[in-house]
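We did not get these values from a lab; they are worked out from the coordinates using the rules stated. Just so it is clear, the model here is predicted, and its values are computed rather than measured. With ideal geometry, Cβ positions are generated from the backbone for all residues, glycine too; neighbour counts draw on all protein chains shown.
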Amino acid sequence: MRAGDILKAIVGIVAVLGAVIVGLLYFPVPKPHVELGAEQVCQIAGFPITNTLIASWITIVVLLAIFILGTRRMKMMPTGLQNVVEWIYESLYNFAEEAAGKENTPKFFPLFATIFLYVIGAAFISLIPGFDTIGDGAREHFTGAFAGSYTGWVVHEPLLRKASSDINFPLALALIAFASWTYWAIRMIGVRKYSRQFIKLENLGEGFKLMSRGDFKSAPMAFFMGGVDIFVGFLEFLSRCIQIVSLTFRLFGNMLAGAILLLIILYLIPWIGGVPFYGLEALFGFVQALIFAGLTLVFSVIATTAEHE
């Protein structure tokens, strides 16, 4: 490495450390106010409008604008925004095709892509300055190490807050996903084959047949196996219901933790100290969107597969 490059690296490190020290000593920030539930901003016709709901509406508007502008004037040789939109579409479609197969991808892709884009859009938009920092609050006193006492505005009810930090956001997506793959399962393999994943009465019926024939030696084993089948079917049904819980709390927990992490880091290391964590939070947003959408795709494949397959 050349001497000039080493000098530039040293200057950059010193500048960052200097900014961190100055932020810690002379520009204190108030303690963050963390609230688990979403805060109500206003009411429309008696319906409460929360800060997370507003953020989700903004996400929808931004996504619609991107895809409408990107596909408004389609060209054979894509350029600009159309190129980006087509790259996103092709990447997601290829991913879905690898997991679900060519036959099922056209059915599952709209839900998979919508969930992925919605979750990652909500995560990325929440990184815009103003989230969790603008809203109703109160003036409070806080002190820097050398700069004395300050009176600053502490936000208690932010106008905008990350949509996925509200449990209603992932819960709604999980319920929609559950209803969708249940509908597809009934349409594709039929009610009888789908219900056989939970209700298995063959061995139980065989036990009654053996009892009616007077075969009291074989009947108990058939009844025992029938009881095992019923228990296994109950566990399978319970696992399908737990899929809703796992999808909901995985996304909610990670996104809420990320939002709290940013607030705490900006309090402990004001100003420049939070920059790397914004990149980390963007990565977490992408990973969680891919996991939620990917699991929805996998659960859809499992639900629409007959028991013997």
Residue-wise, which Karplus ³J(HN,Hα) couplings in Hz belong to region 110-119, taking 6.51 cos²θ - 1.76 cosθ + 1.60, θ = phi - 60°, and x for glycine or proline?
x, 5, 4, 5, 5, 4, 4, 5, 5, 5
Which ³J(HN,Hα) values, rounded to whole Hz and listed in residue order, are derived for region 276-290 from phi using the Karplus coefficients 6.51, -1.76 and 1.60 in 6.51 cos²θ - 1.76 cosθ + 1.60 with θ = phi - 60°, glycine and proline given as x?
x, 6, 5, x, 5, 5, 5, 5, 4, x, 5, 5, 5, 5, 5
Estimate the FRET efficiency between TRP87 and GLN40 by the formula 1/(1 + (r/R0)^6), using the beta-carbon distance for r and 30 Å for R0, to the nearest 0.05.
0.15
Peptides 228-234, 246-252 ordered by average Cβ neighbours within 10 Å, highest first
246-252, 228-234
Most packed first (mean Cβ within 10 Å per residue), the peptides 116-123, 186-193 order as 116-123, 186-193
Given H placed 1.01 Å from N in the peptide plane, which residues other than close sequence neighbours of GLY135 have an amide H under 5 Å from its amide H?
LEU159
Using amide H atoms built in the peptide plane, which far-off residues or other-chain residues are under 5 Å from SER126 H to H?
none
Of LYS107/LYS209; LYS102/LYS162; LYS75/LYS102, which ones are farther than 31 Å apart at the Cα?
LYS107/LYS209; LYS102/LYS162
Given a Förster distance of 22 Å, report the FRET efficiency between ILE302 and MET225 from their Cβ-Cβ distance, rounded to the nearest 0.05.
0.35
Which cross-chain or sequence-distant (5 or more) residues have an amide H under 5 Å from the amide H of THR50, H modelled 1.01 Å from N in plane?
VAL41
Quickly work out the ILE49-to-ILE176 label distance, labels modelled 7 Å from Cα along the C-beta direction, and quote it in nm with one decimal.
2.0 nm
What is the packing order of peptides 87-97, 69-79, taking the mean over residues of other C-beta atoms within 10 Å and listing the highest first?
87-97, 69-79
FRET efficiency for GLU103 and LEU127 from the Cβ-Cβ distance with R0 = 30 Å, rounded to 0.05, comes out at 0.20
